[in-house]
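The values are calculated or read from the model by the stated rules, or taken from the named source; none is laboratory data. Being a predicted model, the structure only gives us computed values, none of them experimental. Because the Cβ atoms are built from the backbone with ideal geometry, glycine has one as well, and the counts that use them run over all protein chains shown.
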Amino acid sequence: MSCILQVEKLVKHFGTVEAVNGVSFTIERGTCFGLLGPNGAGKTTTVEMMEGILPSTSGSIQYKGAPADETFRDEAGIMFQETSLQEFIQVGETLELFSRFYSHTRPLDELIERCALGEYLDRDVRKLSGGQRQRLLLAIALVNDPEIVFLDEPTTGLDPQARRNFWQLVNDIKQEQKTLVLTTHYMEEAYELCDEIAIMDHGRIIAQGSPRALLKKHFDNSVILLPANEVPETLDQDPRLKLHRMNGQVEILSEDVNATIDLLMAQRIPLTHLQIRSRTLEDLFLELTGRGLRS
Amino acid sequence: MRFKRFIAVLSARNLEFIRDRSALSWNIVLPVLIVFGFAFAFTTSSQDLFKVGVYDQQKQAPTVEAFLKLKHIQFITVEALETAITKVERHQLDMLLDSSSGSYWINDSSANGYMLEQLLKRPGDTTLNKQTVTGDAIRYVDWLIPGVLGMNIMFSSLFGVGYVIVRYRKNGVLKRLKATPLTAFEFLSAQVVSRLWLIVAVTSLVYAGTDLLVGFRMYGSYLSLLLVLVLGTFSMICLSLIVAARLSNEETANGILNLVSWPMMMLSGVWFSLEGSPDIIQQLALIFPLTHMIQAARAIMIDGDGLLQVTDHILILIIMSVVFMTIGARSFKWE
């Protein structure tokens, strides 16, 4: 696998605010790279510098081994976090408009079918629902059959069904060996779609790797969940259990689930409502920063 | 510059304008209403220049008979002397005449009163030879039409391009376009050309339509008038590019556009001639492209001038366009 995008010591200051502080990473061709972090972590600023929308204060971004130029704009597909399209223009006309900007384009019929836009071609872009609009914006990002696609929080504000449909579309793009750069604060989304993630906070990358590798590196335990009223408080002080109460539940961190369950059974704790879950990226973020990803 | 990209943006902008019915109808309806309003308000059969109140008309002395037969003076019979004197005080009457008592009243500060007094004393007394000519009068509406159409072009150019680009920047349309291979030059050219041809088409349509109903005096060449229209429009669109170069706040843009357009509307000779105004105002008016467009259009329409006679206006419009466009394009930012 070869590197398609290399970011080196990237810095961005807005006046006295240091939005991005020396971020470095490489993105391999054909992978999905995720930038994770809470609001204000510097994800969008980093991505917009990579997209060529924002100039960096210092640092370098290399696309295919050279500074990004006109070729990059022609070969990149971009879906912004928030974008407006020209008013009074219909969906089909919008796709036609954007397709004329590029030297190489994907057949519009295929794109319309893939993004399920056939029913809305004659509809004014202002009259689309959230999901339809995101599919149109994705179709615009793909209109030039891009080598690299930037998706900045593409599913924010979508209902769960629309979000899952969108993930399917992104997975289809992945199948074509396109390179994807995704920013999100939905951990499930990152876990589902990304091959590699970088977690950002305060403008810095605080952890990087594949989601599984990161979880494996930082966690060797699982979480056992029980209703709080079924676990007597005397167990809170038991040195054999890493236990804490939260939102009416008891979370027990366990390196050996079997041993922990045996211990609970010995204490005659009812296990009817017992749940076991693996550690998530959300846990990882909490562990690394002490605050939630959506905070 | 890729022509394909330019044409794509041009077509999209044209569609947006044509489908935005409120903007389209406003661009057509407003000038038509103004022209018709003024055509009817100022087209009257009366050519009276002065108003004279006459008290006790039956008993006028024979010495004022010649005065009472003068043309273009509206003689109004008044019933009460006191009320009529008050009207003279307030310039509602230029003169009050009661020759039966041997008196007339004029207001010392009234120019019309002074003129009437001269006529009353020695009407038509001259030794010079009289030469007469014939010809249709230039009505106010004939004089006004280049001004009204020019004003409409100015608003359409400034707000139709400047304001729209600022709105695009504010809501992120420009950001999205920046992420494509489209260049600023291609984008701006498309905006300029789109608005230019739409304004020229709409203005020609309004001119033809109102001409059909009101019937303007046009002594010059339509081709020359078209050239002045295109150049004047182009220069004002280029001026709007300067306003639109960096602003991303519609309220600020609105304020600046009003700051530019209102002095132009008041000082470019849209509604009244600047010939009698102070020299400094006349000189100041020359910095506005609208002044040159209107003056050139009036010279062609009313005086029948050819392009040669309006070359100075045309050259100034070209120079202004180049300067405005260079500043606007160079300072343009997508965001």
**Message:** Being surrounded by 11 or more Cβ atoms within 10 Å (Cβ to Cβ) and part of a loop (DSSP other than H, G, I, E, B): is that true of A:Pro270 here?
**Reply:** yes
**Asked** Quick check, is A:Asn21 part of a loop (DSSP other than H, G, I, E, B) and either closer than 22 Å to A:Gly131 by Cβ or more than 13 Å from chain B (Cβ to nearest Cβ) (or both)?
**Response** no
**Fill in**
Within segment A:11-43, residues within 20 Å of the chain's Cα centre (by Cα) and of a type in the set (A, V, I, L, M, F, W, C) come out as A:Ala19, A:Val20, A:Val23, A:Phe25, A:Ile27, A:Cys32, A:Phe33, A:Leu35, A:Leu36, A:Ala41
**Asked** Which of the residues that make up segment A:38-80 are away from chain B (no Cβ under 14 Å) and assigned to a loop (DSSP other than H, G, I, E, B)?
**Response** A:Pro38, A:Asn39, A:Gly40, A:Ala41, A:Gly42, A:Ser56, A:Thr57, A:Lys64, A:Gly65
**Asked** Which residues, counting only those in segment A:175-188, are in contact (Cβ under 8 Å) with a residue 40 or more places away in the chain and surrounded by 18 or more Cβ atoms within 10 Å (Cβ to Cβ)?
**Response** A:Lys178, A:Thr179, A:Leu180, A:Val181, A:Leu182, A:Thr183, A:Thr184, A:His185, A:Met187
**Asked** If you scan segment A:213-237, which residues turn out to be touching a strand residue (DSSP E or B) at 6+ places or on another chain (Cβ under 8 Å), at pLDDT 85 or above and in a loop (DSSP other than H, G, I, E, B)?
**Response** A:Val231
**Asked** Out of (1) more than 9 Å from chain B (Cβ to nearest Cβ); (2) within 25 Å of B:Thr183 (Cβ to Cβ); (3) of a type outside the set (A, V, I, L, M, F, W, C), the odd one out for A:Thr94 is which?
**Response** (1)
**Message:** Name the single residue that is farthest from B:Leu182 (Cα to Cα) among those in segment B:2-20 being part of a helix (DSSP H, G or I) and within 7 Å of chain A (Cβ to nearest Cβ).
**Reply:** B:Arg19
**Request:** Can you tell me which residue among A:Arg240, A:Arg245 is part of a loop (DSSP other than H, G, I, E, B), in contact with a helix residue (DSSP H, G or I) (Cβ under 8 Å, 6 or more places away or on another chain) and over 30 Å from A:Gly22 (Cβ atoms)?
**Result:** A:Arg240
**Prompt:** Looking at segment B:206-213, is at least one residue surrounded by fewer than 22 Cβ atoms within 10 Å (Cβ to Cβ), of a type in the set (A, V, I, L, M) and within 11 Å of chain A (Cβ to nearest Cβ)?
**Reply:** no
**Item:** Contacts under 8 angstrom Cβ, first residue in segment B:316-335 being away from chain A (no Cβ under 14 Å), partner assigned to a helix (DSSP H, G or I) and surrounded by fewer than 19 Cβ atoms within 10 Å (Cβ to Cβ), 6 or more apart
**Value:** B:Ala329/B:Ala184; B:Ala329/B:Phe185; B:Phe332/B:Ala184
**Message:** Need the failing condition index for A:Ser24 against (1) surrounded by 15 or more Cβ atoms within 10 Å (Cβ to Cβ); (2) in contact with an Asp or Glu (Cβ under 8 Å, 6 or more places away or on another chain); (3) of a type outside the set (A, V, I, L, M, F, W, C), just the number.
**Reply:** (1)
**Item:** Qualifying positions in segment A:95-144 - within 24 Å of B:Asp20 (Cα to Cα), part of a helix (DSSP H, G or I) and touching a strand residue (DSSP E or B) at 6+ places or on another chain (Cβ under 9 Å)
**Value:** A:Tyr120, A:Val125, A:Leu137, A:Ile140
**Asked** From A:Gly248, A:Gly203, A:Gly209, which residue is free of Cβ contacts under 8 Å to residues at least 24 places away in the same chain and under 21 Å from A:Met50 (Cβ atoms)?
**Response** A:Gly209
**Request:** Working carefully through the options B:Val202, B:Val228, B:Val173, find the one that is over 22 Å from A:Met79 (Cβ atoms) and either within 14 Å of chain A (Cβ to nearest Cβ) or surrounded by fewer than 23 Cβ atoms within 10 Å (Cβ to Cβ) (or both).
**Result:** B:Val202
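Within segment A:198-217, identify whether any single residue is among the acidic types (Asp, Glu) and in the same structural domain as A:Asp172 (by TED's automatic domain parsing), and answer yes or no.
The answer is yes, given that some residue of segment A:198-217 is among the acidic types (Asp, Glu) and in the same structural domain as A:Asp172 (by TED's automatic domain parsing).
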**Request:** Could you list, in sequence order, all residues of segment B:22-70 that are modelled with pLDDT of 85 or more and either within 14 Å of chain A (Cβ to nearest Cβ) or under 28 Å from B:Arg217 (Cβ atoms) (or both)?
**Result:** B:Phe50
**Asked** What helices (runs of 4 or more DSSP H) lie completely within segment B:160-236 and have 2 or more residues being more than 24 Å from A:Ser99 (Cβ to Cβ)?
**Response** B:164-171, B:184-214
**Asked** Out of curiosity, is A:Arg133 over 22 Å from the mean Cα position of the chain (by Cα), basic (Lys, Arg) and assigned by TED's automatic domain parsing to the domain that holds A:Pro211?
**Response** no
**Asked** Restricted to segment B:90-137, and to residues that are exposed (fewer than 14 other Cβ atoms within 10 Å of the Cβ) and in a helix (DSSP H, G or I), which residue is modelled with the lowest pLDDT?
**Response** B:Lys121
